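Here is the structure we will look at, set down as structure tokens.
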Amino acid sequence: MDHMNCVEITARLHLYLDRELGQDEVEVVQQHFGACPSCEHRFHFDLSLKRLIHEKCTIEHAPAHLREAVMRIARTPLGEPIDIDPELAQEIKADLNG
Ligand SMILES: [Zn+2]
């Protein structure tokens, strides 16, 4: 599984949780969950956390620069090149494993 794809999926998790994604994107996210246990795990983690603390999304607790980068990725159509600082991409990937 392409790791950048995981970053794109993670950026959309909170939109997915809030049912703000279009049908095409919902299908892409769900297909990714089927192929990628780590993102599916992340989804269930975010979902249970959301239920626990009644917050919109864990990303709201991320540092501002990270949150901004994730929102930028979330607004980039799936499959399009993402204009992102490689160091920020590393931080997001690290957050994936945290
Ligand atoms: Zn993934």
Only one of Thr58, Thr10 that is hydroxyl-bearing (Ser, Thr, Tyr) and at pLDDT 80 or above: Thr10
Matching residues in the range 13-32 - criterion: being part of a helix (DSSP H, G or I), farther than 26 Å from Pro86 by Cβ and modelled with pLDDT of 85 or more: Gln23, Asp24, Val26, Glu27, Gln30, Gln31
Subset of the range 33-51 [more than 9 Å from the ligand (Cβ to nearest atom) and modelled with pLDDT under 90]: His41, Phe43, His44, Phe45, Asp46, Leu47, Ser48, Leu49, Lys50, Arg51
Cβ-Cβ under 8 Å pairs, at least 6 apart or on other chains, the range 29-49 side over 19 Å from Lys93 (Cβ atoms), far side in a helix (DSSP H, G or I) and of a type in the set (Val, Ile, Thr): Leu49/Thr58
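The values are calculated or read from the model by the stated rules, or taken from the named source; none is laboratory data. On a predicted model such as this, the values are computed, not experimentally measured, just so you know. In this analysis, Cβ positions are derived from the backbone assuming ideal geometry, glycine residues included, and neighbour counts consider all displayed protein chains.
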